[in-house]
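Read through the structure below, which is laid out as structure tokens, and then see the notes.
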Amino acid sequence: MPAGLPFAPFEWLLAGRYLKTRLIALLSFLGIMLGVATLIIVLSVMNGFRKELLEKLVGINGHIFVAAIDSPLTDYADVADRLSKVYGVKRAVPFVEGQVFASSPYNGSGALVRGVRGDDMPKITAVADNLRQGTLENFDTAGGVAIGRRLADALGIQAGDTISLLTPRGAATPFGTTPRIKSFPVVAVFEIGMSEFDATFIYMPMTEAQAFFNREGDATLIEVFLDDADRVDEARYAIEQAAERPVLLTDWRQRNRTFFSALEVERNVMFLILTLIVLVASLNIIAGLVMLVKDKSSDIAILRTMGATRSAVMRIFVVTGASIGIVGTLAGVALGLLVSLNIETLRQLISGLTGANLFPAELYFLSRLPAVVDPTEVTTVVVLAMALSLLATMYPSWRAARLDPVEALRYG
């Protein structure tokens, strides 16, 4: 073997010949490829879920919620103005919130009303940038409401129609609070892309909401939107100081802690489970090489008598097994990336061919199947798969190198 080269040409030659004649090598290759591809696809889809859900939840709900303590939030306009000037704050939006029963001549459904100022509606980009019908122009003076597309479909109405809202927090009488019902024209229909929001949210001018829910000039909360959702802790103190009144702060992590924790746990568990697929495929490499060593024992003996060293024999089988793992891993990465980057197109194609809804928005919250490929995770998968494949070659290769040529030729 020429100095400086880790593998001699004849070692590559023999490894290539052994690979061509083994069915189990093909099965091991397919196992590694499918295991790596599945791991990349599942991790990418779960990353996509987290990213999309975070954008939807935070995009419409804000990052920090400011609630009043001791007294009603009647100075919401001044407080919101001060908060919007805090470094790192994109906008501060006060709103009135209340539960209602929404109905039309065709159907009824529970809903959540949010009363916002007309100047703030265009700033809620999750709604303003996703209008399907109507307009938000002159929202304050139009006297109408904007509703989600799924709610509109459930009620059988569209922009220009009328929706009736019923709240138990109506007028106060000597006999108690009576329910209040009022009809509003639908001025806009939006589609955020998250089914729960599209089927629940109704936006109303703030003065209308205050009158409807008997708020008497105050707001329920002030939503603060930050430039960076992950810098909540840094902004909390500055927001408390800028409020200049007793307030209680909560953030998006506290409100959605259980949800995102469950996603993270599920992602880690899926990584472990799918890694087992790659491990099983690596065990197939071990089984295949052990069988190959047993089958080629006489060939190994002849090589040894011709002057091949034990390390040369070991390298032959290392190359044989590692080639399966490396080529299978690279093929798996290519397949995984191809599917991940086109997964929504594939979903639509399969749904069209089978006639089945493979991703119901009511169950999965989102209207499309998302996928985000993380280069760091792909690198981790590649390194893990190649390491397992290389480790799988060690024992069979050591066993081949330890083979006694005399015994192999005697009992061959």
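The values are calculated or read from the model by the stated rules, or taken from the named source; none is laboratory data. Bear in mind that the values here come from a model prediction, so they are computed numbers and not experimental data. Cβ: placed from backbone, ideal geometry, glycine included. Neighbour counts: every protein chain shown. Heavy atoms of the whole protein, side chains included, go into the accessibility calculation; ligands, DNA and RNA do not. Shrake-Rupley method; radii C 1.70, N 1.55, O 1.52, S 1.80 Å.
One table, with the values for the structure above:
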| item | result |
| --- | --- |
| Within region 309-333, considering residues that are of a type in the set (Gly, Ala, Ser) and open to solvent by less than 20 Å² (accessible area, probe 1.4 Å), the one modelled with the lowest pLDDT | 312 |
| Verdict on residue 238 being open to solvent by less than 60 Å² (accessible area, probe 1.4 Å), part of a helix (DSSP H, G or I), among the hydrophobic types (A, V, I, L, M, F, W, C) and at pLDDT 85 or above | yes |
| Condition met for residue 210 (open to solvent by less than 40 Å² (accessible area, probe 1.4 Å) and part of a helix (DSSP H, G or I)) | yes |
| Top-ranked residue of region 334-358 - restricted to ones that are outside any helix (DSSP H, G or I) and more than 21 Å from residue 39 (Cβ to Cβ), ranked as modelled with the highest pLDDT | 355 |
| Meets criteria (more than 30 Å from residue 389 (Cα to Cα), hydrophobic (A, V, I, L, M, F, W, C) and open to solvent by 20 Å² or more (accessible area, probe 1.4 Å)) for residue 60 | no |
| Close pairs from region 177-200: first open to solvent by 40 Å² or more (accessible area, probe 1.4 Å), partner in a loop (DSSP other than H, G, I, E, B) and aliphatic (A, V, I, L, M), Cβ under 6 Å, at least 6 apart | 178/171 |
| Answer residue from region 241-270, given it is in contact with a strand residue (DSSP E or B) (Cβ under 8 Å, 6 or more places away or on another chain) and in a helix (DSSP H, G or I) and is nearest to residue 87 (Cα to Cα) among those | 243 |
| So residue 96, is it in contact with a helix residue (DSSP H, G or I) (Cβ under 7 Å, 6 or more places away or on another chain), open to solvent by less than 20 Å² (accessible area, probe 1.4 Å) and closer than 24 Å to residue 168 by Cα | yes |
| Which numbered condition residue 126 fails, given (1) touching a helix residue (DSSP H, G or I) at 6+ places or on another chain (Cβ under 9 Å); (2) open to solvent by 50 Å² or more (accessible area, probe 1.4 Å); (3) modelled with pLDDT under 85 | (2) |
| Qualifying residues in region 139-158 (those that are β-branched (Val, Ile, Thr) and surrounded by 23 or more Cβ atoms within 10 Å (Cβ to Cβ)) - the one farthest from residue 196 (Cα to Cα) | 145 |
| Among residues of region 28-54, those that are open to solvent by 10 Å² or more (accessible area, probe 1.4 Å) and of a type in the set (Val, Ile, Thr), counted | 4 |
| Whichever residue in region 127-173 is within 31 Å of the chain's Cα centre (by Cα), in a helix (DSSP H, G or I) and among the charged types (D, E, K, R) and, among such residues, is nearest to residue 117 (Cα to Cα) | 149 |
| Qualifying residue in region 190-202 (condition: under 20 Å from residue 113 (Cα atoms) and in contact with a Pro (Cβ under 9 Å, 6 or more places away or on another chain)) | yes |
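A quick yes/no check of all residues on (1) modelled with pLDDT under 75; (2) out of contact with any His (no Cβ under 8 Å at 6 or more places or on another chain); (3) open to solvent by 60 Å² or more (accessible area, probe 1.4 Å):
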| position | (1), (2), (3) |
| --- | --- |
| 225 | no, no, no |
| 231 | no, yes, yes |
| 234 | no, yes, yes |
| 275 | no, yes, no |
| 292 | yes, yes, no |
